Amino acid sequence: MNEKLEQLNQGIAKGESRLRRAQHEEKILQHQIKVLNRKERTHRLCTRGAMLESCLPHPETVTDEQVFAILNALFGRSDTKRLIDTVLAGTGHKEDAE
């Protein structure tokens, strides 16, 4: 009986050890997901920022406030909102966006 109890306790100890390892691995994986999401967001922001700069004349002379004012003016227009809806719906044409 004592031997059986010892085996059960060893089994519990092994199970707890496996659980701790799995929990640690889960934390590592969650951290990797956060890092990848952050890198993806950073890449997206840089790419889209470069796209915006390519549309601005002399972007190195334009201030952040001016860019914000331009974007607010453009995105506040009803025709721009319709164009965005059309493009996002997948029915827009390249010549419509120009």
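The values are calculated or read from the model by the stated rules, or taken from the named source; none is laboratory data. Nothing here was measured: the structure is a model prediction, and the numbers come from that model. Counting neighbours? That spans all protein chains shown, and the Cβs are built from the backbone with ideal geometry, glycine included. To get the accessible areas, we keep the full protein, side chains included, count just its heavy atoms, and leave off ligands, DNA and RNA. Shrake-Rupley method; radii C 1.70, N 1.55, O 1.52, S 1.80 Å.
Brief remarks on what is shown
- Signed unit charges on C-beta, dipole axis of the chain, positive-most listed residue CYS46, ILE12, PHE75: ILE12
- Answer label for Cα Rg over 2.2 N^0.38 Å (calculated), chosen among (i) 2.21; (ii) 1.25; (iii) 1.08: (i)
- Solvent exposure of the chain, expressed per residue, is 93 Å² of accessible area, with all protein chains present and a 1.4 angstrom probe.
- Cβ-derived FRET efficiency at R0 30 Å, VAL35 paired with LYS81, nearest 0.05: 0.25
- Rolling a 1.4 Å probe over the protein heavy atoms of the chain, with every protein chain left in place, gives an accessible area that is 58 percent carbon and sulfur.
- Net dipole in debye of the chain [+1 Lys, Arg Cβ; -1 Asp, Glu Cβ; about Cα centre; nearest 20]: 580
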